[in-house]
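The values are calculated or read from the model by the stated rules, or taken from the named source; none is laboratory data. Everything numeric in this text was worked out from a predicted model, so none of it was measured. Don't worry about glycine lacking a Cβ; one is built from the backbone with ideal geometry, like all the others, and counts go over all protein chains shown. Surface areas here come from the heavy atoms of the whole protein model, side chains and all, with no ligands, DNA or RNA. Shrake-Rupley method; radii C 1.70, N 1.55, O 1.52, S 1.80 Å.
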Amino acid sequence: PGDDKTGVMGVAAFVGWYNGHPDFRDLAPILNTKTVAVIGIGNVAVDVARVLVKTPAEMAETDLADHAAAAIHSAPIRDVWMFGRRGPVQAQFSNVELREMGHLADAAPIVDPAQLPDTVSETDAAKLSDRDLRMVEKNLETLRDFSRIDPAGRAKKVHFRFFAQPVEILGGDAVEGLRLEET
């Protein structure tokens with residue numbers, strides 16, 4: 001409930017907008033907020049979060065559309081929350097995409113170490129190919145590294161929150177918050 005509120009946008013449209021796809025050029029997402037929620041824990045979600053927190057100098061090296069760069073860099077965004085319904089073992093990001101979050105000039109990844117398992121359980125490991133198991137183990141190692149980063153001195157933060165399923169978008173006509181359910 002609430003997905004019809006002003007400020008809710010599908011990721012395909014948002015990515016199309018900042019990549020300059022002609023079908024989404026006039027999208028005009030509402031970015032005059034300090035906090036953004038990204039629902040998902042995959043490569044696309046990581047890319048969206050990263051685009052929202054990179055400095056103009058970092059974005060100059062990309063093919064971000066000029067209209068999107070102007071809107072994003074003038075936005076007061078300070079916190080981007082990534083919500084995943086499942087845990088870090090089930091996250092669908094590649095380690096290359098994930099690692100880049102730890103190398104941003106003015107943004108820090110924030111991970112609660114209590115949400116990270118010490119190892120991949122035998123049950124989860126049995127469901128994964130050898131290649132996928134290695135990727136999950138690398139991702140867990142990267143997330144553990146993130147949990148040790150001191151965010152002091154960085155203007156922006158990307159919060160990883162696992163086991164959190166959105167059940168309602170709160171607010172009047174516009175988004176004011178999310179109601180989450182622990183999974």
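Per residue of the chain, what 222 nm ellipticity follows from adding -39500 (n - 2.57) for every DSSP H run with n ≥ 4, rounded to the nearest 500? Walk me through the intermediate numbers first.
Numbers: 7 runs with 62 residues, N = 183.
My calculation for the chain gives -9500 deg cm²/dmol from helical runs alone.
How far apart, in nm, are the 7 Å Cα→Cβ label points at Ala70 and Asp150?
4.0
What is the dipole size for region 1-150, taken about its Cα centre, with +1 at each Lys and Arg Cβ and -1 at each Asp and Glu Cβ, in debye to the nearest 20?
On the way: 15 positive and 23 negative charges, 46 e Å.
I would put it at about 220 debye.
Straight distance only, please: which aspartates and glutamates reach the Cα of Lys34 with their own Cα at less than 14 Å, same-chain residues fewer than 8 apart left out?
Counting by Cα, and skipping residues close in sequence, Lys34 has these aspartates and glutamates nearby: Asp79, Glu176.
Order these peptides, 101-112, 60-71, by their mean beta-carbon neighbour count within 10 angstrom, highest first. Can you show the working numbers first?
On the way: 101-112: 18.1, 60-71: 14.0.
Packing order, densest peptide first, comes out as 101-112, 60-71.
Of Asn32, Met59, Trp17, whose Cα points farthest to the positive end of the dipole of region 1-136 (charges on the beta-carbon: +1 Lys, Arg; -1 Asp, Glu; origin at the Cα centre)?
Comparing the listed Cα positions along the dipole, Asn32 ranks first.
Just reorder Val53, Val96, Val8 by solvent-accessible area, largest first, 1.4 Å probe, all chains present. Before the final figure, lay out each step's value.
Details: Val53 0, Val96 100, Val8 55 Å².
Largest to smallest exposure gives the sequence Val96, Val8, Val53.
Measure off, as a whole percent, the carbon and sulfur share of the 1.4 Å-probe accessible area of region 83-142, all protein chains present. Numbers along the way, then the final one.
Details: 1600 of 3420 Å².
Heavy-atom surface of region 83-142 belonging to carbon and sulfur, 1.4 Å probe: 47 percent.
Leaving out ligands and nucleic acids, and using a 1.4 Å probe, what accessible area per residue does the chain come to in Å²?
Accessible area per residue, the chain: 55 Å².
What are the lysines whose alpha-carbon lies under 21 Å from the alpha-carbon of Lys138, with same-chain residues fewer than 8 places away excluded?
Lys127
Collect residues whose amide H, placed 1.01 Å from N in the peptide plane, falls under 5 Å from the amide H of His159; neighbours closer than 5 in sequence don't count.
When sequence neighbours closer than 5 places are left aside, the close amide H contacts are Val80, Trp81, Met82, Ile110.
Cα centroid distance between region 135-183 and region 101-129, in Å?
Region 135-183 and region 101-129 have Cα centres separated by 12 Å.
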